[in-house]
1. Return the total of residues in the stretch 250-266 being without any contact (Cβ under 8 Å) to a residue 40 or more places away in the chain and crowded, with 16+ Cβ neighbours inside 10 Å.
2. Among the residues of the stretch 141-151, is there at least one that is over 22 Å from Leu94 (Cα atoms), under 18 Å from the mean Cα position of the chain (by Cα) and not aromatic (Phe, Trp, Tyr)?
3. Restricting to the stretch 140-192, count the residues that are assigned to a helix (DSSP H, G or I) and of a type in the set (D, E, K, R).
4. Would you please name the residue that is surrounded by the fewest Cβ atoms within 10 Å (Cβ to Cβ), looking only at residues in the stretch 218-249 that are in contact with a Lys or Arg (Cβ under 9 Å, 6 or more places away or on another chain) and farther than 24 Å from Gly22 by Cβ?
5. Those residues that are surrounded by fewer than 22 Cβ atoms within 10 Å (Cβ to Cβ) and over 25 Å from Arg156 (Cβ atoms), I need them from the stretch 178-196; list them, please.
6. List pairs: first residue in the stretch 155-182 and more than 30 Å from Arg141 (Cα to Cα), second residue of a type in the set (Val, Ile, Thr) and assigned to a loop (DSSP other than H, G, I, E, B) anywhere in the structure, Cβ distance under 6 angstrom, at least six positions apart or on different chains.
7. Would you please name the residue that is surrounded by the fewest Cβ atoms within 10 Å (Cβ to Cβ), looking only at residues in the stretch 197-217 that are under 21 Å from the mean Cα position of the chain (by Cα) and in contact (Cβ under 8 Å) with a residue 12 or more places away in the chain?
8. For Arg174, only one of the following conditions fails: (1) modelled with pLDDT of 95 or more; (2) touching a Phe, Trp or Tyr at 6+ places or on another chain (Cβ under 8 Å). What is its number?
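The values are calculated or read from the model by the stated rules, or taken from the named source; none is laboratory data. None of these values were measured; they are calculated from a predicted model. No Cβ is skipped: glycine too gets one built from the backbone with ideal geometry, and neighbour counts run over all protein chains shown.
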Amino acid sequence: MPFTTRIPAPALPAATAGDDFGGRIALVTGAAQGIGAAVAALLAARGARVVGCDLRGDPDGGADGVRELDVTDGAAVEALVERVERELGPVDVLVNVAGVLRVAPALELTDADWRHSFEVNTTGVFHTCRAVGRRMAARGRGSVVTVGSNAAGVPRTGMAAYAASKAATAMYVRCLGLELAAAGVRCNLVSPGSTDTAMQRSLWTDPDAERRVLEGDPASYRVGIPLGRIADPADIAEAVAFLAGDRARHITMHDLYVDGGATLRA
């Protein structure tokens, strides 16, 4: 008679508000502002020991402060991860938020714009995932969440470099998740749409820009946001926290769009 050997899943934590990540260490890139800052604050509020990293960090800051890190420098990433694990302990959660946006028509992008977009948005994620993922795999546990973009799945005018780099990152994360699944490491994406951050506001060059985001803009072949609001960074942070935690224990290689329906899930 055919049978299946079942591997017992770890027990789910009790539904308490403040200790979902109690005792765990979370490394968050891009933590100085916007979505990264919201993620770091939420994980800390739920019990994690958060190490935030950003290009504008304080290299001499405290263990729980925002440390200076250029994710495009693979050696620097490896050194920081080694230091964190030596001083604080194993990294249980990695959240990749660091990103850049270079806006220009596809045929007018400079080599520097294209290169920098991929260096930060794609290669930076590769560096952090490689450094942390190797250690997670050796321990047989861990969760990686990468903040992507709904632009990875829907073409956007003026955003070719950004969209292409985010699409490349999305496939890398899914491949990584497939390879690390047997080691008990989950890898997922959260893909925001328009979110109230400095990056988003840099795109608003006239008084009607926000209205066009909400209502749609036929001139740029863009639909509006069905839910009728711009996301708050906290909306994205909640999705990240869910995928990073034990309540998503059977989810990996998933791309969760948090865009108010803006892509019509194309």
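1. So in the stretch 250-266, the residues without any contact (Cβ under 8 Å) to a residue 40 or more places away in the chain come out as 261, 265.
Filter once more, keeping what is crowded, with 16+ Cβ neighbours inside 10 Å: none.
Result for the stretch 250-266: 0.
2. Of the residues in the stretch 141-151, the ones over 22 Å from Leu94 (Cα atoms) are 151.
Add one more test, that the residue is under 18 Å from the mean Cα position of the chain (by Cα), and what stays is 151.
Subsequent filtering for residues that are not aromatic (Phe, Trp, Tyr) retains 151.
Among the residues of the stretch 141-151, at least one is over 22 Å from Leu94 (Cα atoms), under 18 Å from the mean Cα position of the chain (by Cα) and not aromatic (Phe, Trp, Tyr), which makes the answer yes.
3. Within the stretch 140-192, the subset assigned to a helix (DSSP H, G or I) is 150-152, 160-183.
After this cut, where a residue has to be of a type in the set (D, E, K, R) as well, the list is 166, 174, 179.
The number of residues fulfilling the criteria is 3.
4. The residue in question is Ala219.
5. Leu178, Glu179, Leu180, Ala181, Ala182, Ala183, Gly184
6. Gly158/Val103
7. Within the stretch 197-217, the subset under 21 Å from the mean Cα position of the chain (by Cα) is 197-203.
Right, trim to in contact (Cβ under 8 Å) with a residue 12 or more places away in the chain and you get 197-200, 202-203.
On the way: Thr197: 20, Ala198: 8, Met199: 16, Gln200: 20, Ser202: 10, Leu203: 14.
The extreme case among them is Ala198.
8. (2)
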